[in-house]
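Visitor: Dropping the structure in here first, questions after.
The values are calculated or read from the model by the stated rules, or taken from the named source; none is laboratory data. All values reported here derive from a predicted model rather than from experimental measurement. Ideal geometry is used to build each Cβ from the backbone, glycine not excepted, and the neighbour counts take in all protein chains shown. Keep in mind that these areas ignore ligands, DNA and RNA; they rest on the heavy atoms of the full protein, side chains included. Shrake-Rupley method; radii C 1.70, N 1.55, O 1.52, S 1.80 Å.
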Amino acid sequence: MTTSARPVLSARDIGKSFGAVVAAAEVTIEVPAGQRLSLIGSNGAGKTTFVNMVTGYLRPDRGAIELDGEPILGLAPRLISRKGICRSFQIPQLCVELTALQNMLVACAAADAGGLSFWRDPGAGGHQERALDLIRRFGLHGFADRLVSELPGGVRKLLDIAMALARKPRLLLLDEPTSGVSAEEKFPAMDRVMEAISGEAATVVFVEHDMDIVRAYADRVIAFYSGRVIADGTPDTVLRDAEVRRYVTGGTA
């Protein structure tokens, strides 16, 4: 995939500690437009900490973070989302008392400055059209009128990711998009995600533990260990790296 010279995301010398535990040790990462970047590492290596700092859920102790050259460090998550960085979560953040379509309507309305007017008029601001389009693109039309509490785990994952697209982000961050998805559903689910976001959220960063998924869908891989970056490059190069094999994949990559 073609990328531009100027990075969409620039994180420079990011540091974060929790007491004696170093969660990020002067991490520097630049993400060009159009890239599919996967973050890998064992639990506690610093991947989700990095995502949380970029999205404003966690404030770094030091460093700088920019979106398209604009500083965003210290902004609240909702403001960072409005500027164009949106995310899905390892555990889908959904309202289980609502249907899949109603959850999508909430996301679309929240992305619109007009607010939650769809409760009075579902068609207001084009929310209904946008919500139905995303439902269709993620293959969720058969679940649109079902309560989230009744949905399988893989469907909830897809719905959470679809809701993150409601704002048409410049950068989409996916935290373990295949966790909780059955082995036979992982590749179809990722195919669906990548097809749905193509041309809309062209720049994607995803945290992933399944190395087969990483190989298949990433242009670039960054490996974390103990809060620091230990490898950065193409999937083949990173997954052959000695430190990555020792600390991340256990020599199985």
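Visitor: Amide H neighbours of Phe206 under 5 Å, counting only residues 5+ apart in sequence or on other chains, H built in-plane at 1.01 Å?
Guide: Correct list: Leu37, Ser38, Leu39, Leu174.
Visitor: For the range 46-111, compute Rg over Rh where Rg is the Cα radius of gyration and Rh is the Kirkwood radius from the inverse mean 1/r over Cα pairs.
Guide: With Rg and the Kirkwood Rh in hand, the quotient comes to 1.04.
Visitor: May I pose another question? Cβ neighbours within 10 Å, averaged per peptide: list 150-158, 65-73, 32-40 in order, most packed at the top.
Guide: Working: 150-158: 19.2, 65-73: 15.9, 32-40: 20.9.
Going by the mean number of other Cβ atoms within 10 Å, highest first, we get 32-40, 150-158, 65-73.
Visitor: Can you pull the percent of the chain's accessible area that's carbon plus sulfur, 1.4 Å probe, other chains left in place?
Guide: C and S fraction of accessible area: 50 percent.
Visitor: Sticking with this one: ³J(HN,Hα) across the range 212-225 via Karplus (A = 6.51, B = -1.76, C = 1.60, θ = phi - 60°), whole Hz, x for Gly/Pro?
Guide: Here the 3J(HN,Hα) series is 5, 5, 4, 4, 6, 10, 9, 7, 9, 10, 10, 9, 10, 8 Hz.
Visitor: Now for a different question. Give the residue from His209, Ala166, Ala189 lying farthest towards the positive end of the charge dipole for the range 140-228; charges sit on Cβ (+1 for Lys and Arg, -1 for Asp and Glu) and the dipole is referred to the Cα centre.
Guide: Ala166
Visitor: Compute the accessible area per residue over the chain, keeping the other protein chains in place, probe 1.4 Å, unit Å².
Guide: With all protein chains present, the chain gives 45 Å² per residue.
Visitor: Right, next: Please report how many Lys pairs in the chain have alpha carbons closer than 26 angstrom, counting only residues at least 8 apart along the chain or sitting on separate chains.
Guide: Total qualifying Lys-Lys pairs in the chain comes to 11.
Visitor: Go through the range 76-87 residue by residue and turn each phi into a ³J(HN,Hα) via Karplus (6.51, -1.76, 1.60, θ = phi - 60°); whole Hz please, and just put x for glycine and proline.
Guide: 5, x, 5, 6, 5, 4, 5, 7, x, 10, 10, 9
Visitor: In terms of modelled amide H atoms, which long-range or inter-chain residues lie less than 5 Å from the amide H of Thr28?
Guide: Long-range HN contacts for Thr28: Asp13, Ile14.
Visitor: Let me ask something else about it. If you project the alpha carbons of the range 163-215 onto their three principal axes, what span does each projection cover, largest first, in Å?
Guide: Over the range 163-215, Cα extents along the principal axes are 30, 19, 17 Å.
Visitor: Further, regarding this structure: Going by amide H atoms built from the backbone, whose H comes under 5 Å of the H on Asp68, apart from near neighbours?
Guide: HN-HN under 5 Å from Asp68: Leu9, Ser10.
Visitor: A further question follows. Can you check how the C-alpha radius of gyration of the range 148-253 compares to 2.2 N^0.38 Å, as a plain ratio? Before the final figure, lay out each step's value.
Guide: Numbers: Rg = 14.7 Å, N = 106, 2.2 N^0.38 = 12.9 Å.
This ratio for the range 148-253 stands at 1.14.
Visitor: When the Karplus curve 6.51 cos²θ - 1.76 cosθ + 1.60 is applied with θ = phi - 60°, which whole-Hz ³J(HN,Hα) does each residue of the range 141-152 get, with x for Gly and Pro?
Guide: Once rounded to whole Hz, the list reads 4, x, 10, 4, 9, 9, 5, 4, 4, 9, 8, x.
Visitor: Further, regarding this structure: Beyond 15 Å, how much of the Cα-Cα pair distribution for the range 3-109 remains, as a whole percent?
Guide: Taking all Cα-Cα pairs of the range 3-109, the fraction more than 15 Å apart is 68 percent.
Visitor: Follow-up. Given an 8 Å cut-off on Cα distances and at least 6 residues of separation, report the relative contact order of the chain as a percent.
Guide: 25 percent
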